[in-house]
Amino acid sequence: MNRALIVEDDPRVASLHRAFLEAEGFAVVAVVQGAWEALEFLEALQEPLDLVILDLYLPDGHGLDLLPALEGIYTVIITAAKDVPTVERALLGGAMDYLIKPFTRSRFQEALARYRAFRSLTQKEEVSQEDLDRLLARRRTGKGVDPITLERIVSVLASAEGALTAEEVARSLGLSRVSAWRYLQRLVQEGRVEALPVYGQPGRPARAYLWKGSKQNGSSD
């Protein structure tokens, strides 16, 4: 199980972070409220730490000052700070993701999906440019399209035994139905997904979406 540390001085916010992480299968090994407490924890660490959720405005220092001590640990910054110098220093200093408060749960899940993608990448002996582009979220997916969310939807469709509706995809990933529909439509346009009519339901005709590599699609001949 992936081990996480939360550095956050607001107990209510820290509790939310813990709930999000545990719901995603992470083990929260500690919650600390200050920079010095975080350093003491890291110095006494007996087992490897996989993930750190780091606030910046701490009562006894600035979270960015902890980045050198977090080298080699995947760090996600969650803060109200949105000035360019702070963001620049965080990203150049080693933070792998940056969430500005207030944020949505789906954005938090995307940060954890990026973490998992990174961990998956480290299991390979070599990586491709496509692997790196997906990890760094720099694939050209179009305006308003997050590549990590797109890949999560692809994963759900590819693992399904049949076609799924936008509502089913949305529910499985914690997205709004409109957001799921938008990504599904893009996959249809790209030719990766087939849109099928769903009959026998009252109201407007529904559509279900089938991954073109699925067994059902491949056995239709």
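Among the numbered conditions (1) surrounded by 19 or more Cβ atoms within 10 Å (Cβ to Cβ); (2) in contact (Cβ under 8 Å) with a residue 60 or more places away in the chain, the only one that residue 24 does not meet is (1). What's the total number of residues in the stretch 83-124 that are within 25 Å of residue 12 (Cβ to Cβ) and polar (S, T, N, Q)? Matching residues across the stretch 83-124 total 4. Being among the charged types (D, E, K, R), surrounded by 12 or more Cβ atoms within 10 Å (Cβ to Cβ) and in the same structural domain as residue 49 (by TED's automatic domain parsing), is that true of even one residue in the stretch 86-97? Yes, the conditions are met somewhere in the stretch 86-97.
Exactly one residue out of 30, 69, 19, 4 is assigned to a helix (DSSP H, G or I) and in contact (Cβ under 8 Å) with a residue 24 or more places away in the chain: that is 69. For the stretch 119-145, which positions are surrounded by 13 or more Cβ atoms within 10 Å (Cβ to Cβ), more than 27 Å from residue 4 (Cα to Cα) and modelled with pLDDT of 65 or more? Result: 145, single match. Residues of the stretch 76-94 that are more than 18 Å from residue 52 (Cα to Cα) and within 21 Å of the chain's Cα centre (by Cα): 82, 88. Scan the stretch 40-58 for residues that are of a type in the set (A, V, I, L, M) and either part of a loop (DSSP other than H, G, I, E, B) or more than 16 Å from residue 74 (Cα to Cα) (or both) and the total you get is 5. Looking at 24, 40, 8, just one residue is in contact with an Asp or Glu (Cβ under 9 Å, 6 or more places away or on another chain), of a type in the set (D, E, K, R) and outside the structural domain of residue 153 (by TED's automatic domain parsing), and that residue is 8.
The values are calculated or read from the model by the stated rules, or taken from the named source; none is laboratory data. On a predicted model such as this, the values are computed, not experimentally measured, just so you know. Neighbour counts are summed over all protein chains in view; Cβ atoms, including those assigned to glycine, are modelled from backbone coordinates with ideal geometry.
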